[in-house]
Amino acid sequence: MRQAASAKRRTQPPPRLPRECTPFLDFVQALRRHGFAVAPDQTVSFLAAVTLLGPKSMEHIRRAAIATLAPPVDRQGTFDALFRAVFFGEERVAAVQREEEEEIVVKDQGGAEAVGEILLQREKGGAHASATERLSTRAFDNRERSLRAFQRQLPDALPRRRTFRHLRTRSKGMIDLRRSFRDIVHADGDLASPRLRRRKEIARRLLLIIDISGSMREHTDGLLELAHAAVQAVPGTEVFTIGTRLSRITTALRSRDRAQALERAAASVDDWDGGTRIGPALKAFLAVPRFVALARGSLIVLASDGLERGGHGDFVDSIRRLSALAYRLSLATPLAGDPRFRPETAALASILPWLDDLVDGSTGEALARFILSLGRPAPRAAVVWKEEAHAARH
């Protein structure tokens, strides 16, 4: 009978939400489609708030949505437009989209969230940092570089952090009271030596953000081969690409065969060699709670030339927020490979105080050497480049 009851429970369909919940869930889906980061627990809180209020007007529902779904202040107009579109049947304004606005797409094939869109203001850019989106695909040459040494050294080279899990140890640990007392009971009050334990240590997460815009075209292949080696060497490594879109390619790079992994990465990214929107792409990264969790306490390496188009306000603000999240934040730029390079552009000078490192990223080998040195302490980027500028003047 017990087996029959268990089989009956397995065959029963999962419980369905009441039909009255459909508009509220449609509203949440609309928010996600337009770039709002809405977690599942926020959706549950929204439905609970509506139930608790027993709303007498649509204004009550709107206020409950604002209180539980927490839309950003600068996107309140978009939020209200979607609310009217779902609940009043008004023509969808596509997030109060103006003619001069563009969108940046967050692409994550390894996650469960829908593709998000973040609306941006159009700005005029320079020749190297164009805002024009050009969708294309990339065919990688089947080049087998010797990255085995990098893969072998990387797990021991990264700085480590202590987890909440414990391991048994024979020395240099704290007393494991539970196991020690259990041994005392089993030995009728005798204990030759106490049992010890220590916190388990693991390598800190490595988070690579690779600029694949047109100005970085000659460096992209080597950087992605290095990213594949890092993903293979250290579990938990994450890789994103930025250009006119933000794409997570970690899943594609988990294939052990390098050529196959790069082909999958090429197929999963649509904006190879296009324009540059570094600031908005990083802002889109920070708008997704899952991605923020990946950045917290991580070693973040941004491989980019830093040639942001137009205003660099989003770029500076995103770097400041990443600096607060990361254990160490580094910018690897190909421009630093030139001995005459100085971080004197408006964007680089503004982000320099928030960077731990500003290093040469002109080749995969140079970036590999830097990543292998992340476990060693170093002066902050502002101090290093101040000394460089002083040495150049004298």
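The values are calculated or read from the model by the stated rules, or taken from the named source; none is laboratory data. Nothing here was measured: the structure is a model prediction, and the numbers come from that model. Accessible surface is based on the protein model in full, side chains and every heavy atom, while ligands, DNA and RNA are left aside. Shrake-Rupley method; radii C 1.70, N 1.55, O 1.52, S 1.80 Å.
Protein heavy-atom surface of the stretch 296-360, 1.4 angstrom probe: 52% of the accessible area is carbon and sulfur, with nucleic acids and ligands not counted. In plain terms, the chain from SER323 to SER180 could stretch by 47.2 nm, reckoned as 0.36 nm per residue minus the Cα-Cα distance.
So if each residue of separation counts as 0.36 nm, and I subtract the Cα-Cα distance between LEU25 and ARG62, what length gain in nm does that give? Present the calculation step by step, with values, prior to reporting the outcome.
Numbers: separation 37, 0.36 × 37 = 13.32 nm, distance 1.37 nm.
Taking 0.36 nm per residue and subtracting the Cα distance, the gain is 11.9 nm.
Full extension of the chain between ALA266 and ARG165 gives 32.5 nm of extra length, using 0.36 nm per residue less the Cα-Cα distance.
Under the shape rule built on the C-alpha gyration tensor, where the axes satisfy a ≥ b ≥ c, the stretch 260-322 is oblate, since a/c reaches at least 1.5 while a/b does not exceed b/c.
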